[in-house]
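What follows is one structure encoded as structure tokens, with my remarks underneath.
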Amino acid sequence: MPATGDGRVPGAADLPGALDGTLSGHARKRPGPAEQSTGRVTVTPQIPHPRANAGSALPSPASAPARGPAPSAAPLKLLVIEDDASDVQLIKAAVADSGTSIEVHWARGLEQATELLGTAPPWNRRGRPRGTDFSCVLLDLAAPADLPHPSDASDGLEGLHELLRRAPHTAVVVLTDAAGAELGAAAVAAGAQDFLIKNETDGPLLARALRYAVERRRADESQRRLVEAELRGQENARLQRHLLPTPLLDGAGLSFTRRYRPGRRRALLGGDFYDAVRTDDGTVHVVIGDVCGHGPDEAALGVALRIAWRTLVFAGLTGEALLTTLQHVLEHERRSDEIFATLCMLVIEPGAGPGELTSLGAPEYARLYLAGHPAPLLLSRDRKPVMLPADLAGPALGLLPCDDGQAVWPAHRIELPPGWRLLLYTDGLIEGRVGAGSRRLGQDGLADLIGDHQSAGLTRGRLVDSAIAEVEELNGGALTDDVAVLLLERNPVQLILG
């Protein structure tokens, strides 16, 4: 049976000085009266005498010029829970013989240990002072456990269970006798970091087991925090995915392709937002926007604006009344007055009766509202994409007060030809660099790029994906700003493409 549950070298029981029935073979070195009265001993390496080699002709390493004091590690603070004072003295003697800096504190039982650990039970927590931050606890399983509510089913580990409940983040090493090796293994399975057998443990082995327990407890804590971080990350990812909208376009006869890429690394949601809904009268409302900034606060504000926009649309608001109300939402939700948001809103008028699809040969009409946002592109199969007019664009939301009439967003009525396609995007797509210089892609560059990809026969998702890929290639890497792209096109059969 090994003497220790983890890390014990074979034959440790045969080290010089091991005596039967004692904790350590070096227990002959008893602590002095002062140590016995305080219950604490600090052991430090012996300092060589400066004149030990005074008669030597050559300088010894001890007499070589000093390079400054060597850094000393902080002493390991050990709390011994033991009801037998003689065993505590043996432990102190073993610590003194180990050559390791260890502070030994003594508690006769769990109640006294709880006072020293500063982990008062829930029923008596108020008014308790904060205890010492112990590196490790050495618990004798043979000591009776002073439990407030002892259980009937006894497995010999009642004291350990109670200690782990009161101090769940402290390293614990248990002591057993030779006949309790199996109990020690059960203690490790129950949560202790290691176990030692009294009559087979000397000072160096005790110090090694304590250091190992501390490092194992630290590794377990790091692993626990890592698992918690991964779980929080998964929860945040699910939350962010659900915050992205699901377009409500039933009966609209439109195909809807969307792409969304946040600029922050390892994020699923940025400050860009979009949405598309069809109201009961057959009108299709589409919005795309961009909150300045790239952090989580901007992402949360973008979600708030999107949800507010959808709510206002279903409440019957549209046009400037909707944008004015949305600016009020922004002003109340933003964390500083410098935060603003650009926005493009498109209201496609119904061209047929409720529930009927628009004829492919008839033009349609839409109202375009721009609040500091780049204008969409009108795509055609036989000519270069055309930028929609932006001469009636108003300021970004949050830049100017709207109550006194400074912020206005007039509508620009546009005609959509049969089989129309509209590309809406945020400025992250057009602010990428072109080559190694400072030149940006811009709206004209994007129009040329989209036209080239259309000429190659790309449509819908393949068109959007290839365009984003080329923009990143021209930029020399991933885009640092958030990017949202919507491709909305008239189609006799409604399609919503991821």
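What the table below lists for this structure:
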{"read-out": "Projected area, mean over directions - the range 255-305, Cα convex hull, nm²", "value": "4.2"}
{"read-out": "Of every Cα-Cα pair in the range 356-440, the percent that sits beyond 19 Å", "value": "54"}
{"read-out": "Approximate shape of the range 379-498 as ellipsoid semi-axes (Cα gyration tensor, √5λ), whole Å, largest first", "value": "26, 22, 13"}
{"read-out": "Where Glu320, Glu182, Glu364 fall by accessible area, highest first, once all protein chains stay in place (1.4 Å)", "value": "Glu182, Glu320, Glu364"}
{"read-out": "Cα-based convex hull, the range 283-401, per residue volume (Å³, whole number)", "value": "131"}
{"read-out": "Where only C-alpha atoms are counted, convex hull volume of the range 161-236 per residue in Å³", "value": "86"}
{"read-out": "Ranked by how many other beta carbons lie within 10 Å on average, peptides 79-86, 331-338 from highest", "value": "79-86, 331-338"}
{"read-out": "Relative pair counts by distance (%), Cα atoms of the range 154-300, 5 Å bins", "value": "2, 8, 12, 12, 10, 7, 6, 5, 6, 6, 6, 6, 6, 4, 3, 2, 1, 0"}
{"read-out": "Accessible-area composition of the range 227-341, carbon plus sulfur, in percent [1.4 Å probe]", "value": "52"}
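The values are calculated or read from the model by the stated rules, or taken from the named source; none is laboratory data. Not measured: the values here are computed from a predicted model. Every residue, glycine among them, receives a Cβ derived from its backbone with ideal geometry; neighbour counts consider all protein chains shown. Calculation scope for accessible area: heavy atoms of the full protein, side chains included, ligands and nucleic acids excluded. Shrake-Rupley method; radii C 1.70, N 1.55, O 1.52, S 1.80 Å.
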